[in-house]
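The values are calculated or read from the model by the stated rules, or taken from the named source; none is laboratory data. Values in this document were obtained by computation on a predicted structure and should not be read as measured data. Note that each Cβ is placed from the backbone with ideal geometry, even for glycine, and that neighbours are counted across all protein chains shown. Areas reflect the complete protein model, heavy atoms only, side chains present, ligands, DNA and RNA absent. Shrake-Rupley method; radii C 1.70, N 1.55, O 1.52, S 1.80 Å.
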Amino acid sequence: MKRTARRAAAVVWPAFMVAGVLEIAVFACVDPGSLHTLGGASLDLSATAIYSIAFFGFWILTAAACLLTLLLDRSGEEINSQPVSRAFESGFRRRR
């Protein structure tokens with residue numbers, strides 16, 4: 001498996017698992033039929049739609065947290081070994 005694919009799997013798979021657990025935990029306490037908008041209007045969505053939207057929202061949020069952890073876990077050598085893009089170099093030189 002390539003390094004990029006391993007990193008993607010290291011972000012997406014744990015996020016998927018945590019989103020499933022969050023889905024169970026939240027909807028064990030909250031009835032999707034009783035949800036309202038901030039204005040007080042009732043949501044005109046089916047329970048399945050609310051479950052799906054919540055699951056994908058949880059998945060995106062936990063994937064962002066996993067990605068941030070992956071980015072912060074990189075060593076200085078790993079970060080400095082990557083070439084700097086030309087656009088960044090030219091912008092940096094002009095500011096000096």
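Residue-by-condition table, conditions (1) loosely packed, with under 15 Cβ neighbours inside 10 Å; (2) in contact (Cβ under 8 Å) with a residue 24 or more places away in the chain; (3) part of a helix (DSSP H, G or I):
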{"residue": "Val11", "(1), (2), (3)": "no, yes, yes"}
{"residue": "Val26", "(1), (2), (3)": "yes, yes, yes"}
{"residue": "Thr62", "(1), (2), (3)": "no, yes, yes"}
{"residue": "Ala65", "(1), (2), (3)": "yes, yes, yes"}
{"residue": "Leu71", "(1), (2), (3)": "yes, no, yes"}
{"residue": "Arg74", "(1), (2), (3)": "yes, no, no"}
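Filter segment 28-54 down to residues that are among the hydroxyl-bearing types (Ser, Thr, Tyr) and not in a helix (DSSP H, G or I) and give me whichever is farthest from Thr69 (Cα to Cα).
Applying the filter and picking the extreme gives Ser42.
Determine whether Leu22 is open to solvent by 50 Å² or more (accessible area, probe 1.4 Å), modelled with pLDDT of 95 or more and assigned to a helix (DSSP H, G or I).
yes
Please enumerate the residues belonging to segment 28-60 that are of a type in the set (S, T, N, Q), under 30 Å from Ala10 (Cα atoms) and open to solvent by less than 90 Å² (accessible area, probe 1.4 Å).
Ser52
What about Leu22, is it closer than 22 Å to Val12 by Cβ and touching a helix residue (DSSP H, G or I) at 6+ places or on another chain (Cβ under 8 Å)?
yes
Quick one: Val84 ticks every box in (1) at pLDDT below 85; (2) surrounded by 10 or more Cβ atoms within 10 Å (Cβ to Cβ) except a single one, so which number is it?
With (1) at pLDDT below 85; (2) surrounded by 10 or more Cβ atoms within 10 Å (Cβ to Cβ) applied to Val84, the lone miss is (2).
Exactly one condition in (1) in contact with a helix residue (DSSP H, G or I) (Cβ under 8 Å, 6 or more places away or on another chain); (2) farther than 19 Å from Asp73 by Cβ is false for Ser42; which is it?
It is condition (1) that Ser42 fails.
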